[in-house]
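Notes follow the structure.
The values are calculated or read from the model by the stated rules, or taken from the named source; none is laboratory data. On a predicted model such as this, the values are computed, not experimentally measured, just so you know. Please note: Cβ atoms are built from the backbone with ideal geometry, for glycine as well, and neighbour counts cover all protein chains shown. We work out accessible area using only protein heavy atoms, side chains counted, and drop any ligands, DNA or RNA first. Shrake-Rupley method; radii C 1.70, N 1.55, O 1.52, S 1.80 Å.
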Amino acid sequence: MIRKKLRNAVLILAGACMLAGTVTSYAAVPEDLWKYDMSTSQDGTITYQFKEVSISLPADWSGKCGMSIGDSSITFYHLASRQAHLNDSGSNGGRLFTLAYSEDYSFTNTEPNYTIIGSGEGGVYYVTQPTDLQGYTNDSSVWSEWQDVSSQVDWVISHISMIHVSESSPAADLDVNSLASSVSNIGADSYIVPDSSSRTLSSSELSGLSAAQLQMAINEIYARNHRRFDTPSIQSYFDSKTWYSGTVDPANFDPASMSQTEWTNISLMLSLMSGSASGTSAASAVDTTDSQSSVQIISGGSDVQILDDTPAAPIISTSSTGANVRYTTAGVNMRAQAVSGSTIVAVVMEGVGVTVTGQTVNGWVPVSCSGYSGYIYQDYLA
């Protein structure tokens, strides 16, 4: 039995390797879901701000980790472990965790290890972690670096945050216009869940609430923090409460202003909504699963290496055509010279065709693509 961890947080950083197993895909993934802005704070923390979620990564992950972007997920991996596994056996390795998006809670029936982050406008975000060893143990320096990086994964996941919070959940195909009516019997001075902001709740205390009522209980926590709502019926409901003071527009609301107790209770409510939607009991939806399925990772997409001291390096996503074309097997740096550590000319995405322009030098292949010329290590070309 594997305990489900539920946490409302945001962003992460680098790295992805793909695990073998069933490939999952989700329809109607929102456009530009993983388009991002990157920033670095004074202490070196790297933040990726996506459409609905934000991820912060430790400064010392720079240059050590990468991220692979697919249609409905981003996977983060340790670069040295991945390269060592590829060199050794041709297999991927080094996966740290995957941030994924789903239109519903169907993943709770197939994923043996997940953390729910929160609901966006059209779906739910969650994190999965590998269930097997991903670090490379045959090289002491690689193994030591893996241990340092992987020890920070829990911190990264705990600092993932929702930028935009949905006022309705995909858990039970809720009609947003009927949410307020589900709690219309609550008095003007009363709350759906009176102490949801002051203490950690248990699943048994919430077991009598429907999915719609749970969603409104989540909205109530935001309302306690003065958030306003885009949906007129929901806004009207909270305007009728004597305790409500809605002064913060949704676009300006900062989820970080909420307490850990509130986030814990929101995560519990989300998990209970999942149980309500699937027909399972509240307890099983929160605490345990009998699923022994392998972790499912989305394949394909582009692969981007986190750069160290070269934030302006261009990213190449268009393939060369003609003779002598080879294809990248992962996101990889094109370097100015045939040596590791030389200047990064560009980052070439996974699956991009590059033209070979000469003889291989100590494992480095001279290539050109999209007007850029340099060297790519042979293990990353097929």
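List of remarks:
- Across region 48-105, the mean sequence separation of Cα contacts (distance under 8 Å, 6 or more residues apart), normalised by length, yields a relative contact order of 26 percent.
- Over region 54-105, the pair-distance histogram of Cα-Cα distances with 10 Å bins from zero comes to 23, 46, 25, 6 percent, rounded to whole numbers.
- For region 41-98, accessible area per residue (1.4 Å probe, heavy atoms of protein chains only), Å²: 31 Å²
- Whole-angstrom gap from region 41-62 to region 189-208, using each part's C-alpha centre: 34 Å
- Of the solvent-accessible surface of region 76-125, computed with a 1.4 Å probe over protein heavy atoms with every protein chain present, carbon and sulfur atoms account for 40 percent.
- Stretching ASP230 away from TRP155 to a fully extended chain increases their span by 23.8 nm, per 0.36 nm per residue minus the current alpha-carbon distance.
- Here region 64-78 is scanned for amide nitrogen atoms under 12 Å from the site 7 Å beyond the Cα of ASP148 along Cα-to-Cβ, giving 64-65.
- Overall, region 37-140 carries a charge dipole of about 240 debye about its Cα centre when +1 sits on the Cβ of Lys and Arg and -1 on the Cβ of Asp and Glu, all other atoms neutral.
- For region 33-129: rounded, prolate or oblate by the Cα gyration tensor [a/c cutoff 1.5]: oblate
- Note on region 320-382: Kirkwood hydrodynamic radius from all Cα pairs is 11.1 Å, rounded to one decimal.
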